[in-house]
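The values are calculated or read from the model by the stated rules, or taken from the named source; none is laboratory data. None of these values were measured; they are calculated from a predicted model. Positions of Cβ are generated from backbone atoms using ideal geometry, with glycine treated the same way; all protein chains shown enter the neighbour counts. Side chains included, ligands, DNA and RNA excluded: accessible areas come from the protein's heavy atoms. Shrake-Rupley method; radii C 1.70, N 1.55, O 1.52, S 1.80 Å.
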Amino acid sequence: MSDLAPTPTTELSLSMYERMLLIRRTEERLRNENKEGNLPGAVHLYIGEEAIATGVCANLRESDMVTSTHRGHGHYLAKGGDLKPMMAEIWAKDTGICRGMGGSMHVADFSKGILGANGIVGAGFAIATGAAYSAMLAEDGRVVVDFFGDGASNQGTLMECLNVASLWQLPLVFVCENNGFSEFSPANTVTSGQIADRARAFKIPCSVIDGNDVVEVWRAAKEAVERARSGGGPSFIEAHTYRIQGHLEAEDLFLGGQRYREAAEIEDWKGRCPIARFKARLEGEGAAMTASLDPIELRVMAQIDAAVRFAEESPAADPELAFQLMFDGQRP
């Protein structure tokens, strides 16, 4: 980046640091709760990728919209989703954001523009494209961001949506979180070429960035969002990162002792932690910034403890909801 590159304000920098830390500590708590057998279902954690959701969503308004993936807790929290109903949803409680009927892979809050995590790989493409088309028709300045992984980039729907987004100049930002794996397959065994080239074929502006540098993510997203909001059409961001945890927390149970990556690789990427890197950068700016960081950890941990208590103390989801939400009028 040149010296003229935009720089986040001190207030925004501290906000992004706190948001990344909230995502990390939340996911760590879910990891621990899963190990203790306290969760009713599987969780796919965002540990190591926090800078992408945070840097992108720091450029969005509440009225803007995002679509997410099965690894969606980070996107939900970065977009301003409420932690308490998210935790209640993961605990399958009636106070959950989807009344306990969606679970970890389907956290959503339309009031915050969070159109939902999704257990179907690549399902967000068409949802985001439709939402962007509605925003274009409404002429209300809204922007849509579609988060997806490198594995989803091999879905044919991506090409269809890139085509439509480019043709109609939709206010849509595609964000590929390239963490190097499609579930248990290294990306280089299932994905040919550079993913961003798929968007370049449709003459969509592209950025290939370090997804573990929150400032670099913020800058790329700022340019893309401003382009979309001003009527300049779609953009494509390929952010390189790494998931520190497994594909899902229960994977050891069905891998049968097999490995698809080495421990040394994981340790190497831990050394590139986006939160530690950003913290060092902020501390390098002086004692005042360092002092501002000190209370954040305590504030975040208190928020997570309160959310877990809320989830544990909430009533269980009502199975009868299935006949209202999924099978309306189809009771046997």
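Return, ordered by residue number, the residues of the stretch 105-133 whose backbone nitrogen is under 19 Å from a label point located 7 Å along Cα→Cβ of R61. Of the residues in the stretch 105-133, 110-115, 131-133 have backbone N under 19 Å from the label point off R61. Measuring with a 1.4 angstrom probe and ignoring ligands and nucleic acids, R198 comes out at about 50 Å² accessible. The accessible area of D94, taken with all protein chains in place and a 1.4 Å probe, comes to roughly 40 Å². For the chain, with a Gaussian network of springs between Cα atoms less than 10 Å apart, report the residue from A187, A128, A53 with the top mean-square fluctuation. Taking springs between Cα atoms under 10 Å, the residue moving most is A187. Shown are D146, D197, whose ranking by accessible area with a 1.4 Å probe and every protein chain present, most to least, is D197, D146. When DSSP beta bridges are restricted to pairs lying wholly in the chain, around 15% turn out antiparallel. Spacing of the modelled spin labels on R25 and E283, each 7 Å from Cα toward Cβ, amounts to 1.7 nm.
Mind running the shape call on the stretch 182-332? Use the C-alpha gyration tensor, a ≥ b ≥ c as the square roots of the eigenvalues: rounded below 1.5 for a/c, prolate if a/b tops b/c, oblate otherwise. Taking the square roots of the gyration eigenvalues as a ≥ b ≥ c, the stretch 182-332 is rounded. For the stretch 271-332, chymotrypsin sites (Phe, Trp or Tyr not before Pro) are listed when DSSP marks them as loop and at most 11 other Cβ atoms sit within 10 Å of their Cβ; the list is F327. Rg and Dmax over the alpha-carbon atoms of the stretch 1-75 stand at 15.1, 51 Å. Over the stretch 274-332, the fraction of Cα-Cα pairs per 10 Å bin, rounded to whole percents and listed from the shortest bin up, is 18, 23, 18, 16, 15, 9, 1.
Can you give the accessible area per residue of the chain, in Å², using a 1.4 Å probe? Walk me through the numbers on the way to the answer.
On the way: 14720 Å² over 332 residues.
Accessible surface, normalised per residue, equals 44 Å².
Less than 5 angstrom separates the built amide H of K93 from those of G100, A317, all sequence-distant by 5 or more or on a different chain. Please give the contour-minus-distance gain from E36 to E183: 0.36 nm per residue of separation, less the Cα-Cα distance, rounded to one decimal in nm. Length difference between fully extended and current span is 50.6 nm.
Expressed in units of 2.2 N^0.38 Å, where N is the residue count, the Cα radius of gyration of the chain is 0.98. Loop-located trypsin sites (Lys or Arg not before Pro) in the stretch 226-332 (DSSP state not H, G, I, E or B) with no more than 12 neighbouring Cβ atoms inside 10 Å: R259.
Estimated at 0.36 nm per residue, the fully extended path between F327 and T290 surpasses their Cα-Cα distance by 8.0 nm. Within a straight-line Cα-Cα reach of under 23 Å, K222 can be paired with the following lysines, leaving aside sequence neighbours fewer than 8 residues apart in one chain: K79, K112, K203, K279.
How would you classify the stretch 40-97 from its alpha-carbon gyration tensor, with a ≥ b ≥ c the square roots of the eigenvalues: rounded for a/c under 1.5, else prolate if a/b is greater than b/c, otherwise oblate?
Values: a/c = 2.51, a/b = 1.45, b/c = 1.74.
It is oblate, given that a/c is not under 1.5 and a/b is not larger than b/c.
Which one, V208, V107, V217, has the greatest fluctuation when you compute a Gaussian network model over the chain with C-alpha springs under 10 angstrom? Of V208, V107, V217, the most mobile in the Gaussian network model is V208. In terms of accessible area, using a 1.4 Å probe and ignoring ligands and nucleic acids, T67, T290 rank largest first as T290, T67. Put C176, C206 in order of accessible area, highest first, and with a 1.4 Å probe you get C206, C176.
Using a probe radius of 1.4 angstrom, the carbon and sulfur fraction of the accessible surface of the chain is 51%. To the nearest 10, the accessible area of E160 is 120 Å² with a 1.4 Å probe.
In the chain, the DSSP-assigned H stretches of four residues or longer account for a calculated mean residue ellipticity at 222 nm of -14000 deg cm²/dmol, using -39500 (n - 2.57) per stretch and the full residue count as denominator.
Comparing L293, L77, L30 in a Gaussian network model of the chain (Cα springs below 10 Å), the most mobile by mean-square fluctuation is L293.
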